[in-house]
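Let me begin by presenting the structure, written as structure tokens, before commenting on it.
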């Protein structure tokens with residue numbers, strides 16, 4: 001704790017906080033205490049003896065600089081879809097057919113001559129999202145730097161290069177393994 005009144009050099013008339021009856025003594029008996037952590041935010045602290053407050057004490061006024069922080073909301077877990085499945089050619093074709101079918105169904109449901117570009121975009125976006133939810137498995141990522149998506153890639157050594165052979169002990173890919181780049 002820091003006594004803020006004593007941090008700043010003031011003239012004597014700005015230091016006393018109490019006058020005895022008859023104005024015999026003037027003492028500094030009122031203080032402002034502040035945590036030492038925020039000591040550097042205090043700009044000035046002094047008394048105002050001429051204030052008409054109906055008391056034998058003088059008000060102690062402190063000026064401080066305050067920088068307010070933006071409150072951060074709770075972070076939700078990021079839900080991503082495991083897109084490695086789409087990288088396979090036959091699965092990519094299945095996915096393309098599903099998206100096309102969904103888009104045609106949604107387009108027929110809302111077939112109006114008055115559709116603008118925003119409505120068409122919403123229709124396409126909805127078709128892609130619904131197909132993603134049905135076709136791809138969901139992955140909830142941990143709060144790590146790379147997350148669960150790249151965990152197996154990092155175990156192999158190079159991100160994006162995967163082995164199709166059996167790995168040897170501790171070396172990643174065997175020398176004779178076929179390598180695929182996704």
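Overview of values
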item	result
Gain on full stretching of the segment that runs from residue 85 to residue 125 - 0.36 nm per residue minus C-alpha separation	12.4 nm
Label-point gap, in nm, between residue 57 and residue 29 - each point 7 angstrom along Cα→Cβ	1.0 nm
Exposure proxy ranking, count of Cβ atoms within 10 Å, fewest first, for 118, 56	118, 56
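Readers should treat all values here as calculations from the given coordinates under stated rules, not as data from a laboratory. Treat the numbers as computed from the prediction; the structure is a model and nothing was measured. Cβ sites come from the backbone with ideal geometry, for glycine too, and all protein chains shown count toward neighbours.
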